[in-house]
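**Student:** Have a look at this one before I ask anything.
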Amino acid sequence: MIAEFDLSRRTALVIGAAGGLGREQALGLARAGADVAIADLNQSGLQATSLAIKAVGREVDVFPLDITVPGEVRAVVDAVEKRFGKIDILVNSAGMTRRGASEDYDQGLFERILDINLNGMFYACQNVGRLMIKRGGGRIINMGSIFSSAGIAESPAYAMSKGAVAQLTKTLAIEWAPYGIAVNAILPSWFDTAMGNVVADREKFYAGTAEVPSSADLAARTTGRVPLRRLGKPPEIVGATVFLASNAASMVTGHLLAVDGGFLAQ
Ligand SMILES: NC(=O)c1ccc[n+]([C@@H]2O[C@H](COP(=O)([O-])OP(=O)(O)OC[C@H]3O[C@@H](n4cnc5c(N)ncnc54)[C@H](O)[C@@H]3O)[C@@H](O)[C@H]2O)c1
C-alpha cells in the first residue's frame, strides 16, 4: 500500500455501518489498516459488519445507536473513546429517504428524515469534534448526495437535509481548520443499496404515495440520468472514503467529492 493511504494505528467511528454504503466504508477503512467502531440502529446488521471486519484482522466493536437522540450520541462517542482511546476518523453514513409529493408530504416522515440525515449528523460532528479539538486533529466524512447540489422532485426532506449537509460540512471545515480537523463530504449518485436502488425497492420507496411508478419508469428517472448509465456498486464508495480519511488528503477540507458517474458534470 502507498504510505499516504495507510490508516494503521487510526481509529474510525462509522455511524450507519449496519449495511449499505456505511458497511463498505467501515470495511474499507479496516482494509486500509484502521480499527473501527461501528454504530447503527440495526443491531443484527452491526453484528454482520463486525464479523466481516474481524475477518480483515482489525479491532472492531459495535455500538447500538439512534443518532437522532443527542444523549445517545454523546454516550456512544464517550464509550468509543474509552474503548479505543481516541477517534481519528468519523464517517457519518446513517440516512433515510422516502418519496412523496411536497404538497402532501407526511409531517412525521419529514421530521424523521431531517432528524436522521441532518440533526443526527450535527450531534455526531459536535461530540466527536469536541474530542478531536482536544487531541489536535481528525477527519470527518459526511455523506451528502448529488441532491446536496441538484434538486429532486418529490423528496423535500431528503433534498433539504442533503443541501444542509453541504453547508454543515463547509462551515465545520472553516471553523475547525485551526484545530487540524478536516471536514469533507461525499456526494454519491444512486448506489445499489436498500436506499439507492429505488427500482428494486420501489413499493417501499413509494409507500403511501398516490401511485407506484413502473420499474422501467424509475430506471429511466435514475440510471438514465447518470452519464455512466448505471447504479454505483457499494464498494465503489471505498476509494473516496479512504482517500479523505488518509494523509493523501492532507490539504483537502471543505470539499464536496462527487462519486456520481458524472451526474453533477451535466
Ligand atoms: N445509496 C444511495 O444511492 C445513496 C445516494 C446518495 C447518498 N447516499 C447517502 O449515503 C448514506 C448511506 O446510504 P445507504 O445507501 O447505505 O443507505 P442504507 O439505507 O442502506 O443504510 C443507512 C443506514 O443508516 C442506519 N440508520 C437509519 N436511521 C438511523 C438512526 N436513527 N440512527 C442510527 N442509524 C440509522 C440504517 O439502519 C442503515 O444501516 C446515507 O446518508 C445516504 O443518504 C446514499
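The values are calculated or read from the model by the stated rules, or taken from the named source; none is laboratory data. Keep in mind that what you see is a predicted model, and the values were worked out from it rather than measured. FYI the Cβ positions are ideal-geometry reconstructions off the backbone, even for glycines, and counts take in every protein chain you see.
**Student:** Looking only at segment 31-80, which residues are outside any helix (DSSP H, G or I) and hydroxyl-bearing (Ser, Thr, Tyr)?
**Tutor:** 68
Residue-wise test of (1) of a type in the set (S, T, N, Q); (2) closer than 24 Å to residue 24 by Cα.
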| residue | (1), (2) |
| --- | --- |
| 64 | no, yes |
| 70 | no, no |
| 83 | no, yes |
| 89 | no, yes |
| 92 | yes, yes |
| 102 | yes, no |
| 107 | yes, no |
| 131 | no, no |
| 142 | yes, yes |
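**Student:** How many residues, within segment 18-54, are out of contact with any Pro (no Cβ under 7 Å at 6 or more places or on another chain) and near the ligand (Cβ under 7 Å from one of its atoms)?
**Tutor:** Of the residues in that region, 8 qualify.
**Student:** Do the conditions hold for residue 93, that is, is it at pLDDT 95 or above, within 12 Å of the ligand (Cβ to nearest atom) and under 25 Å from residue 169 (Cβ atoms)?
**Tutor:** So residue 93 passes the test.
Quick grid of which residues meet (1) buried (at least 21 other Cβ atoms within 10 Å of the Cβ); (2) touching a strand residue (DSSP E or B) at 6+ places or on another chain (Cβ under 7 Å); (3) on the phi > 0 side of the Ramachandran plot; (4) among the small types (Gly, Ala, Ser):
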site	(1), (2), (3), (4)
33	no, no, yes, yes
41	no, no, no, no
64	no, no, no, no
76	yes, yes, no, no
82	no, no, no, no
87	yes, yes, no, no
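**Student:** Something else: Restricting the search to segment 246-266, which residues are among the polar types (S, T, N, Q) and either touching a strand residue (DSSP E or B) at 6+ places or on another chain (Cβ under 7 Å) or in a loop (DSSP other than H, G, I, E, B) (or both)?
**Tutor:** Within segment 246-266, 246, 250, 253, 266 meet the criteria.
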